[in-house]
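Student: Provided herewith is a single structure, encoded as structure tokens, for subsequent inquiry.
Coordinate-derived values only; no laboratory data. Only a predicted model underlies this, so the values are computations on that prediction, with no experimental measurement involved. Cβ placement follows ideal geometry from the backbone for every residue including glycine, while neighbour counts extend to all protein chains displayed.
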Amino acid sequence: MKLYNKHRKVELIIDQELLEKIGNTGIVHFPNEFGGFLIGKYSDDYRTLFITDYILPKSYKGSRYLFERSSKGMKSFFSKLFKKKKEYYVGEWHTHPNGSTGFSETDLNAMINIEASPSVNIKNPVLLILGISEKQLNQATFYIYDNKKLIPYE
Ligand SMILES: [Zn+2]
């Protein structure tokens, strides 16, 4: 699956199979929200982002309308991952059970904090929101974070 972000003129590539896998991981926690981290790599010109994997947080709080992950233990995990596979943290994902893939105020604020966090050294993290029901993934929307805004890929 290839998506394009007009605002930043960048593209994002993810296998449908991987997206389904992330969705299924979220469905296990239905009706609570669930999520984690996205792993990937960029093309040499930084115009294409390949999402290659996803990671579950070591600790988190997930309820019906909220998901908060802790970044505890992740910094060393990500640095090992980079050394081993030259892939790194590129953003976040979480589910909206029986909900749309629109982002909430809380979602935007979380991304503002993530970008400002010293443990994250990427400028435009990605946010993936998955609209799920009890049995299936209904919709998936990727956003790019830029200057306190979230802009969807199409
Ligand atoms: Zn959300």
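Student: How would region 55-130 be classified by its alpha-carbon gyration tensor: rounded, prolate or oblate, with rounded meaning a/c under 1.5 and the a/b versus b/c comparison settling the rest?
Tutor: prolate
Student: Just subtract the alpha-carbon distance of ASN121 and SER63 from 0.36 nm times their residue separation and send over the number in nm, one decimal.
Tutor: 18.0 nm
Student: Go ahead and estimate [θ] at 222 nm for the chain from helices alone: -39,500 (n - 2.57) per DSSP H run with n ≥ 4, summed, over the residue count, rounded to 500.
Tutor: One gets -7500 deg cm²/dmol as the mean residue ellipticity at 222 nm.
Student: Under a crude label model (7 Å from the Cα following the beta-carbon direction), how far is GLN136 from ILE112 in nanometres?
Tutor: Result: 3.7 nm between the two label points.
Student: Calculate the length of the line joining the C-alpha centroid of region 50-70 to that of region 1-44, in whole Å.
Tutor: What the calculation gives is 13 Å, centre to centre.
Student: Let me ask another. List the residues, sorted by chain then number, that are 5 or more residues from LEU128 or on another chain and whose placed amide H is less than 5 Å from its amide H.
Tutor: Residues meeting the criterion, in which the H sits 1.01 Å from N, are GLU92, TRP93, HIS94, TYR143.
Student: Where does the charge balance sit around LEU127 when Lys and Arg score +1, Asp and Glu -1, over other residues with C-beta under 12 Å from its C-beta?
Tutor: Result for the local shell: -3.
Student: Can I ask one more? Let's test this: bin the Cα-Cα distances of region 2-152 at 5 Å from zero up to the farthest pair and state each bin's percent.
Tutor: 2, 10, 20, 23, 23, 15, 6, 1, 0
Student: While we're looking at this one, here's another question. Excluding ILE13 itself, calculate the net charge of residues whose Cβ lies under 12 Å from the Cβ of ILE13, where each Lys or Arg counts +1 and each Asp or Glu counts -1.
Tutor: Charge balance in the 12 Å sphere: +1.
Student: Sort VAL126, VAL28 so the one with the fewest other Cβ atoms within 10 Å of its own Cβ comes first.
Tutor: VAL28, VAL126
Student: Shifting gears a bit: Counting other beta carbons within 10 Å of each residue's own, what order do LEU3, LEU49 fall into, fewest first?
Tutor: Arranged by neighbour count, lowest to highest, LEU3, LEU49 become LEU3, LEU49.
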